[in-house]
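The values are calculated or read from the model by the stated rules, or taken from the named source; none is laboratory data. The model shown is predicted, which means the values in this text are computed figures rather than measured ones. Neighbour counts run over all protein chains shown; Cβ positions are idealised from the backbone, glycine included. For accessibility, only protein heavy atoms count, side chains too; no ligands or nucleic acids. Shrake-Rupley method; radii C 1.70, N 1.55, O 1.52, S 1.80 Å.
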Amino acid sequence: MLVIKWPGQPTASGDSRIPSLVAYKNGQAKLYGTEAKEALSNPEYEVARWFKLYLHPEPTDNSDNLRFVDEQPRQMDIPPLPSSVPVLAIYRDLIRYMFEVTRRFFIENTPNGAGIWGRVHGKAILVFCVPNGWDINQQEFLRKAVIKSGIMSRTDAETRVDFVTEGEASVHYALTHSSSTEWLRRNSHILVMDAGGSTVDSTLYKCVQEHPLKLEEACTSECTQTGGVFVDREMSNILRQKLQGSVYGDEDSLEAMIEDFERKAKRGFTGLSQTSVIKFGTPRYNDAEYGIQRGRLSLSNDEVKGAFDGVVKQILDSCSKMINGRQIQHLLLVGGLGYSPYLRLRIKQFLGDQGTEVVVVDEPEKKAAVTGAVIWFTQNLVSGRALRYAIGIPSTILFDGRYAEHLQRQSLVLSNPDRTLYLPSLTLLVRKGAIIEENWEAEWHCRWNPSLPLQANGQFSAILLAWDGPGDQKWLTDPRGDPVFGLRTLSTIVASNSDIYSAMKAATGPTGHVWRLDFSIRIWFKRAQLRAQLVWRDNGQRRTGPVSIIPATKF
């Protein structure tokens, strides 16, 4: 069941989508979605918007087009959060609100709804549809927001919160709502682009099996920080400049213009020499010098194109990266911006005579990612996913003066008690772009030689690193010992000593009596979620134990 009526929407009609807005008054959430939109011009409220962008990972190249209001200008301002309201609180409040509205809608629109809800809500799985570029850090943030909202406990959140990328959800939505999938043939390629509000997620799939249908990611997916809200913001800049000096260049009038632009002109713009009209205020609004007549402002074709073209260029650049010489039979376009006739036209012009058919799933009243997430959870057509980053662990290699790259790092050389020389290095467990199938796992062996025995009530940890750059990275730092751009801490794996306490053995080392502890850490992916466990041997028997995966980024 899809919630198709939210508070504040017109009584006669509903919509499954609501604006991602939360209005705060004195630090307390008061209005959400459509109702919060009405508070944008009310000085009594502070409205949180575009807060999803605060969770995006740091860029690993120079393509970032965003800036926060307290940073140096680049191209795009991100609205500040309400005073004294952290982004975690915004997600907590919005999740609580959406869960409560869903509960009421289900009960009111389902026979014996209250009884059914009472039986199943404590077992329900909460699936978040997230941008392609998000990883364990954002997943753990959302899980924490769920716990803070009070809808489930920490223990339940570990097993009842799941994640799917917007690209993967979109392909399930698109294929389910296409009139036919007969055009999908083994080894054919399909590019899915989810052009949403603040991100455009692109994923290239290869059909590996026709009956039953199975897809596999053909390469690393793209997540571009652009979308519909950036078109709106650029149009806001254009209008602000165009109406400078007009009595209707005030913020309230501009807000009304942008709202009408988003609802009509933006969605209908084709780019084919047309004049677009924005309505605002009343028929008494006139300013002939600035092209305003009876509350109507006319915009030229070039002016509207100016609002689109920066976003379109980023989308086409992403499309070019994904194709990269491959023959793409179909491009499925979904998401709110995906219904733009102008975007479709530009994509078709870009593809030219490559033989790629652009397909738009014609159900704009539904949210492709949300509906696709439900289909994904029940069907899961994707059998392999391309890893967006390499995963590795800190390690060491023997220093060898015959190699120039070793000599460049001579100042970083360390030594063991037996005077063996070595350098800090990175050992990759899985390369960027590797296809991760359901049965994939990696396990690395660890040997710890503490001078004193472990305390049974203590804990130990291991660091997982992510390499976002190209190729294989083998060093933890550059030759000067400075951090390498693109290498970051992904998470810390923490385990209790009590699990492996009995596996510790006495041994003799270069400096005398030591203790030796041999164990392994196993990692795998459960769908989009990274999982890990401790592995050791006790009296010849293989044992496993739980670990905690602590994300590196704090929002």
Q: Compute the acute angle (0 to 90°) between the alpha-carbon long axis of helix 87-109 and the principal axis of greatest extent of the alpha-carbon atoms of the chain; round to the nearest 10°.
A: 70 degrees
**Q.** Distance-filtered residues of segment 367-409 - backbone nitrogen under 13 Å, label point 7 angstrom along Arg431 Cα→Cβ
**A.** 387, 390-391
Q. Quick one: if you stick a label point 7 Å off each Cα along the C-beta vector at Lys474 and Ile116, how many nm between them?
A. 6.1 nm
(Q) Students often check this: by mean Cβ neighbours within 10 Å, which of 195-202, 24-31, 338-345 ranks highest, and how do the rest follow? (A) 195-202, 338-345, 24-31
**Q.** Positive minus negative residues near Glu166 (Lys, Arg vs Asp, Glu; Cβ under 9 Å)
**A.** -3
Q | By average C-beta atoms within 10 angstrom, highest first, the peptides 471-481, 401-411, 231-241 | A | 231-241, 471-481, 401-411
Q) Roughly speaking, to the nearest percent, how much of segment 85-148's 1.4 Å accessible area is carbon and sulfur? A) 60 percent
**Q.** 0 to 90° range, to nearest 10: angle between helix 301-323 axis and the chain longest Cα axis
**A.** 30 degrees
(Q) Let me check I have the definition right: for segment 174-299, take the eigenvalues of the Cα gyration tensor, multiply each by 5, take square roots. What are those semi-axes in whole Å, largest first? (A) 44, 15, 10
(Q) Let me cross-check Val229: its accessible surface, 1.4 Å probe, with only protein heavy atoms counted, in Å² to the nearest 10? (A) 30 Å²
**Q.** lysines whose Cα lies under 27 Å from that of Lys144, excluding same-chain neighbours fewer than 8 positions away
**A.** Lys25, Lys30, Lys37, Lys52, Lys123, Lys367, Lys526, Lys554
Q: Report, to the nearest whole %, how much of the accessible area of segment 217-319 belongs to carbon and sulfur atoms, 1.4 Å probe, protein only.
A: 45 percent
Q: Please give the FRET efficiency for Ser520 paired with Asn286, using the beta carbon to beta carbon distance and R0 = 56 Å, rounded to the nearest 0.05.
A: 0.15
Q | Accessible area per residue, Å², the chain with all protein chains present, probe 1.4 Å | A | 50 Å²
Q: Quick one: order Ile549, Ile90 from most to least accessible surface, probe 1.4 Å.
A: Ile549, Ile90
Q) In nm, to one decimal, how far is the Lys264 label point from the Thr420 one, both placed 7 Å along Cα→Cβ? A) 7.6 nm
Q: Quickly work out the Asn439-to-Lys25 label distance, labels modelled 7 Å from Cα along the C-beta direction, and quote it in nm with one decimal.
A: 6.0 nm
**Q.** Stretch gain in nm, segment Arg326-Gln541, where the contour uses 0.36 nm per residue and the Cα spacing is subtracted
**A.** 72.5 nm
Q: Compute the relative contact order of the chain as a whole-number percentage, counting only Cα pairs closer than 8 Å that sit 6 or more residues apart in sequence.
A: 12 percent
Q) Rounded to the nearest 10 Å², what accessible area does Phe485 show when all protein chains are kept and the probe is 1.4 Å? A) 140 Å²
Q: With a Förster radius of 45 Å, plug the Cβ-Cβ distance of Asn237 and Asp353 into 1/(1 + (r/R0)^6) and report the FRET value to the nearest 0.05.
A: 0.80
Q: Please give the FRET efficiency for Ser548 paired with Leu316, using the beta carbon to beta carbon distance and R0 = 35 Å, rounded to the nearest 0.05.
A: 0.25
Q: Could you please state how large a percent of the accessible area of segment 363-428 is carbon and sulfur, counting protein chains only and using a 1.4 Å probe?
A: 55 percent
Q: Quick one: grab the alpha carbon gyration tensor of the chain, order the square roots of its eigenvalues as a ≥ b ≥ c, and give me rounded if a/c is under 1.5, else prolate or oblate depending on whether a/b is larger than b/c.
A: prolate
Q: Only helical DSSP H runs with n ≥ 4 go in: add -39500 (n - 2.57) per run for the chain, normalise by residue count and round the 222 nm mean residue ellipticity to 500 deg cm²/dmol.
A: -8000 deg cm²/dmol
